[in-house]
Amino acid sequence: MPTKSLTCSLAVTVEKGKLASITGSQKQGVTDGYICNKVRRFGERVYGEARVTEPLIRKGPRGKGEFETTSWDNALNTITRRMQEIRD
């Protein structure tokens, strides 16, 4: 039985290899051109000054914004170790 997609359809403009704009497309009947603010502002997360460009590890209480940079290897090993601890 066919199901309707609940995903939005996007009209994306790229200029000189860089995301220029994202808007809703009318091609998806269920959402009919609507896209959430999270997706509409995606370019800000990709190109904004506050975006994370290297792995960070929290140092201090959650919510305090205290982080230190680390290597990709250390970050991935830390994630792997934590996931294994949770699984076990």
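The values are calculated or read from the model by the stated rules, or taken from the named source; none is laboratory data. Nothing here was measured: the structure is a model prediction, and the numbers come from that model. Please note: Cβ atoms are built from the backbone with ideal geometry, for glycine as well, and neighbour counts cover all protein chains shown. Only protein heavy atoms, including side chains, enter the accessible area calculation; ligands, DNA and RNA are left aside. Shrake-Rupley method; radii C 1.70, N 1.55, O 1.52, S 1.80 Å.
Could you list, in sequence order, all residues of the range 58-84 that are among the charged types (D, E, K, R) and assigned to a loop (DSSP other than H, G, I, E, B)?
Lys59, Arg62, Lys64, Glu66
Do you know which of the residues in the range 24-62 that are open to solvent by 50 Å² or more (accessible area, probe 1.4 Å) and in contact with a Ser or Thr (Cβ under 8 Å, 6 or more places away or on another chain) is nearest to Ile79 (Cα to Cα)?
Leu56
In the range 17-40, is there at least one residue being touching an Asp or Glu at 6+ places or on another chain (Cβ under 6 Å), free of Cβ contacts under 8 Å to residues at least 24 places away in the same chain and outside any helix (DSSP H, G or I)? Reasoning before the result, please.
If we filter the range 17-40 for residues that are touching an Asp or Glu at 6+ places or on another chain (Cβ under 6 Å), which is where we start, we get none.
No - not one qualifying residue is present in the range 17-40.
Of the residues Thr7, Thr80, Thr13, only one is touching a strand residue (DSSP E or B) at 6+ places or on another chain (Cβ under 9 Å) and among the polar types (S, T, N, Q); which? Show your work before the answer.
Values: Thr7 fails: touching a strand residue (DSSP E or B) at 6+ places or on another chain (Cβ under 9 Å); Thr80 fails: touching a strand residue (DSSP E or B) at 6+ places or on another chain (Cβ under 9 Å).
Every option except Thr13 fails the conditions.
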